[in-house]
Every structure is written in structure tokens, then in C-alpha cells.
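Visitor: To start, I am sharing the structure in question, which I have written as C-alpha cells.
The values are calculated or read from the model by the stated rules, or taken from the named source; none is laboratory data. Note that the coordinates shown come from a computational prediction; the quantities given were computed from them, not determined experimentally. When we count neighbours, we look across all protein chains shown, and the Cβ atoms used for this are built from the backbone with ideal geometry, even at glycine.
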Amino acid sequence: MQVNSASRHLSITIEATAADVYRYASDPRNLPEWAAGLADRTVRRVDGQWIADSPMGTVVVAFAAQNSYGVLDHDVTLPSGETVYNPMRVIPNGAGCEVVFTLRPRPEMSAADFDRDAAAVAADLARLRAITERR
């Protein structure tokens, strides 16, 4: 088994409760509002699966089951059939919270591609903060 040690942990502090952020972010129907890197147009439920139109093409998104720990881990099945596991957490922090996303490079990614992916995730997290702090 090969271990990839190049993961990046991207985080953002949000001035909203962890419960409120988790509730909003765990609803796949909200993805187009805040996660343009994953679902830039529509998300729909088809045969028990969440299907998203994304910049990568049509993808299937499967979140971890609802839980009280703030775990928002999700698998994204790409048009190629490859499934990418994305660890994500909402962690209480005082009256607010921190959202942490672990980004892992795919084997074929260049360093520049990984940097672009990290920038897209950071932008998505900033949109999540802007939306949930307004609510």
C-alpha cells in the first residue's frame, strides 16, 4: 500500500454554530450555493443517489450518514468511474466553528493542478462562511 503524504488541510473559522453549519452543509441540495468546485449548477436525487452537474461533468456525491460529530466526509464518483474520498469536519469552536477539509492529490495531478484544486476548495469554504454567517 502506498501512502500519499501530500494532503493539505484547508480550514476556515465561521461565526455560526457548528450545528447550523453542519445542517446547511450536509444537505446536498445546497451544494450549488457554496461548493461550485463540486456542484456548479444542479443537484438532484435519482434512484437514491445525489447527482451533481459539476465542472468535471456529472458526478455522484455520497455524504456520510447524518451524525452528531460534524463529520461531512463524502465520496465523489467522477465521470470516469473513479471515486474520490473527501474528509471534511465541522468542529465547534467557542460560539462558532471551524470547518476543515482534507485535500488529497489524485495520482495524475501535477503540483499546479493540486494548487488550483486547493484554491477552489478555499473559495468554496469562503462561500460557505459567507452564507452561514448571514443565516
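Visitor: If you take the residues in region 98-112 that are closer than 21 Å to V76 by Cα and surrounded by 14 or more Cβ atoms within 10 Å (Cβ to Cβ), which one is modelled with the lowest pLDDT?
Guide: Filtering first and then ranking leaves M109.
Visitor: Also, I was wondering about something else. Hey, could you check region 53-75 for residues that are closer than 18 Å to W34 by Cβ and touching a Ser or Thr at 6+ places or on another chain (Cβ under 7 Å) and say which is modelled with the lowest pLDDT?
Guide: Going through the qualifying residues, I end up with D53.
Visitor: Find all pairs meeting these conditions: Cβ atoms under 9 angstrom apart; at least six residues apart or on different chains; first residue within region 99-124 and on the phi < 0 side of the Ramachandran plot and in contact (Cβ under 8 Å) with a residue 40 or more places away in the chain; second residue part of a strand (DSSP E or B) and small (G, A, S).
Guide: Short answer, once both residue conditions are applied: V99/S11; V100/S11; F101/S11.
Visitor: Okay, moving on. Has region 97-104 got any residue that is among the basic types (K, R), within 14 Å of the chain's Cα centre (by Cα) and in a loop (DSSP other than H, G, I, E, B)?
Guide: Looking through region 97-104, at least one residue is among the basic types (K, R), within 14 Å of the chain's Cα centre (by Cα) and in a loop (DSSP other than H, G, I, E, B).
Visitor: Which of (1) in a loop (DSSP other than H, G, I, E, B); (2) within 15 Å of the chain's Cα centre (by Cα) is the odd one out, the single condition S80 does not satisfy?
Guide: Result: S80 passes all but (2).
Visitor: A further question follows. Which count do you get for residues in region 83-96 that are in contact with a strand residue (DSSP E or B) (Cβ under 6 Å, 6 or more places away or on another chain) and either farther than 19 Å from V61 by Cβ or not in a strand (DSSP E or B) (or both)?
Guide: The total comes to 3.
Visitor: Of the numbered conditions (1) under 21 Å from A6 (Cα atoms); (2) touching a residue at least 60 places away in the same chain (Cβ under 8 Å); (3) of a type in the set (A, V, I, L, M, F, W, C), V90 satisfies every one except a single condition; which is it?
Guide: (1)
Visitor: If a residue must be of a type outside the set (K, R) and in a strand (DSSP E or B), how many such residues does region 32-70 contain?
Guide: Count: 15.
Visitor: Quick one: in region 46-97, which of the residues that are of a type in the set (F, W, Y) and surrounded by 15 or more Cβ atoms within 10 Å (Cβ to Cβ) is nearest to T17 (Cα to Cα)?
Guide: Here the residue is F63.
Visitor: Also, I was wondering about something else. Looking at G70 and the list (1) more than 19 Å from A6 (Cβ to Cβ); (2) in contact (Cβ under 8 Å) with a residue 60 or more places away in the chain; (3) not basic (K, R), which single condition is not satisfied?
Guide: (2) is the only condition that G70 fails.
Visitor: Are any of the residues in region 19-31 without any contact (Cβ under 8 Å) to a residue 24 or more places away in the chain, in a loop (DSSP other than H, G, I, E, B), over 16 Å from T132 (Cα atoms) and of a type in the set (D, E, K, R)?
Guide: No, every residue in region 19-31 fails to be without any contact (Cβ under 8 Å) to a residue 24 or more places away in the chain, in a loop (DSSP other than H, G, I, E, B), over 16 Å from T132 (Cα atoms) and of a type in the set (D, E, K, R).
Visitor: Still on this structure, I have one more. Taking the stated definitions as given, is D124 surrounded by 12 or more Cβ atoms within 10 Å (Cβ to Cβ) and either outside any strand (DSSP E or B) or touching a Gly at 6+ places or on another chain (Cβ under 9 Å) (or both)?
Guide: Here the answer is yes, as D124 does meet what is asked.
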